[in-house]
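As structure tokens, the structure follows; a few thoughts come after it.
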Amino acid sequence: MNSKLGLAMLSLSLEPIDDAIKTAREAEELGYSCLWVPEVAGPEALVTLGALAPQTKTVELATGVVPIQLRAPGLLAMAFLTLNEISGGRAIAGLGVSSPVIVERWHGVPYRKPLTTMRETVEVMRQLFRDGRASFQGKVCKVDLRLRMPITQQRRPRIYLAALNPPMLRLAGEIADGVLFNYSPPEAMAELIGEVRRGAEAAGRDPNELDYAVFVRMCVTDDPDSARAAFKRELATYAFVEAYQKMFARYGLEQEMAEVRRLWQAGKREEAPQAISDASADRIGCFGSAQSARDFIARFRAAGVTHPVVFPVGAARTNRRDFLTTMRGLAGA
């Protein structure tokens, strides 16, 4: 079995927490090495992982990801240190800069200087993880905090940056323990990983010590058309996020995403996802047999990914079934 295989626990937002805990236990028994809990509009990721921590034993517990603007850097550090204590040293701080829609419109928090904010947030968190004390005056973050909590775990929380484009990719190589890619095909991995490695080397770090993770959308199903259609609906919502627009343009999807936006803005929201071709969807995701999904994972590993994260997707009416079938079909991939 390969050493690292993650699982995105989207099912947590679709089922009662007791059922989600059972799913997490099964995933651990199946050999998944890390559970990634996303945070969009509920549930709250760190509270959820806190509930999973005492119910699991060995699996790492990662946020996948939390927007850094919604919590002060000191609070982020306290939260992940607390999770790390509860879990016996298994916490991963998956951090992202999200988007103006989520940060400003949904939560009413300013969205400014995302790269600077990420750099300064990580610096504050590192100080608190290492020393229990942070005194920092940056362009965005201003912190003077001494923690009053016992820190017993020798292994501190690891920090992973969600990164799409060269500046954030290079920053991940410079300051993070790992990087999390998203919505990217296997053939794009060499370029993305290369940017991260350049960032690490410029900072005097060994790029081989970083973990290279990627969300891999897939569905093990006998109805691939329905799963693919569900994936297109999800993917279409990212056509409006500037950072994703830049990344999709590098993959040759600029015209398709522009058509998604045009149809959406014209009020044709049911038609908009159809502007994404089946070929484009199949470059980024995999829908069909367990073997085809396992082969898809193998392509990511061959391209240098050290931590594929199975991200089950499926039609709403069969979501729970598709999640479990995909989770079980990819175990050990």
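Tabulated data
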{"read-out": "Residues of the range 166-215 that turn out to be among the acidic types (Asp, Glu) and outside any helix (DSSP H, G or I), as a count", "value": "3"}
{"read-out": "Number of positions in the range 25-37 that are under 27 Å from Val97 (Cβ atoms) and surrounded by fewer than 21 Cβ atoms within 10 Å (Cβ to Cβ)", "value": "1"}
{"read-out": "Given (1) in contact with a helix residue (DSSP H, G or I) (Cβ under 8 Å, 6 or more places away or on another chain); (2) surrounded by fewer than 21 Cβ atoms within 10 Å (Cβ to Cβ); (3) at pLDDT 95 or above, number of the condition Ala41 does not satisfy", "value": "(3)"}
{"read-out": "Criterion violated by Glu104 - all others in (1) in a strand (DSSP E or B); (2) surrounded by fewer than 18 Cβ atoms within 10 Å (Cβ to Cβ) satisfied", "value": "(1)"}
{"read-out": "Filter result for the condition that a residue is closer than 14 Å to Tyr251 by Cβ, of a type outside the set (Gly, Ala, Ser) and surrounded by fewer than 24 Cβ atoms within 10 Å (Cβ to Cβ), over Glu174, Glu201, Glu187", "value": "Glu187"}
{"read-out": "Test: Arg198 is touching a Cys at 6+ places or on another chain (Cβ under 8 Å), at pLDDT 95 or above and not β-branched (Val, Ile, Thr)", "value": "no"}
{"read-out": "Selected residue (only one of Val309, Val305 is touching a helix residue (DSSP H, G or I) at 6+ places or on another chain (Cβ under 8 Å) and in contact (Cβ under 8 Å) with a residue 40 or more places away in the chain)", "value": "Val305"}
{"read-out": "Test: residue in the range 135-158 that is touching a residue at least 12 places away in the same chain (Cβ under 8 Å), hydrophobic (A, V, I, L, M, F, W, C), more than 26 Å from Leu81 (Cα to Cα) and out of contact with any Leu (no Cβ under 6 Å at 6 or more places or on another chain)", "value": "no"}
{"read-out": "Filter pass, Ala275 being out of contact with any helix residue (DSSP H, G or I) (no Cβ under 6 Å at 6 or more places or on another chain) and among the hydrophobic types (A, V, I, L, M, F, W, C)", "value": "no"}
{"read-out": "The range 288-324: number of residues that are under 21 Å from Ala229 (Cα atoms) and small (Gly, Ala, Ser)", "value": "8"}
{"read-out": "Any chance Ala41 is farther than 20 Å from Arg155 by Cβ, small (Gly, Ala, Ser) and out of contact with any strand residue (DSSP E or B) (no Cβ under 8 Å at 6 or more places or on another chain)", "value": "yes"}
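Residue by residue, here is whether (1) within 30 Å of Glu28 (Cβ to Cβ); (2) of a type in the set (A, V, I, L, M); (3) over 22 Å from the mean Cα position of the chain (by Cα) holds:
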| residue | (1), (2), (3) |
| --- | --- |
| Ser99 | no, no, no |
| Trp106 | no, no, no |
| Pro114 | no, no, no |
| Phe136 | no, no, yes |
| Ile159 | yes, yes, no |
| Asn165 | no, no, no |
| Leu171 | no, yes, no |
| Ala190 | no, yes, no |
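Quick grid of which residues meet (1) of a type in the set (Phe, Trp, Tyr); (2) under 24 Å from the mean Cα position of the chain (by Cα); (3) modelled with pLDDT of 95 or more; (4) more than 14 Å from Val313 (Cα to Cα):
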{"position": "Ala227", "(1), (2), (3), (4)": "no, yes, yes, no"}
{"position": "Lys232", "(1), (2), (3), (4)": "no, yes, yes, no"}
{"position": "Tyr251", "(1), (2), (3), (4)": "yes, yes, yes, yes"}
{"position": "Glu254", "(1), (2), (3), (4)": "no, yes, yes, yes"}
{"position": "Arg262", "(1), (2), (3), (4)": "no, no, yes, yes"}
{"position": "Asp282", "(1), (2), (3), (4)": "no, yes, yes, no"}
{"position": "Cys286", "(1), (2), (3), (4)": "no, yes, yes, no"}
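The values are calculated or read from the model by the stated rules, or taken from the named source; none is laboratory data. Given the structure is predicted, the values throughout are model-derived calculations rather than measurements. When we count neighbours, we look across all protein chains shown, and the Cβ atoms used for this are built from the backbone with ideal geometry, even at glycine.
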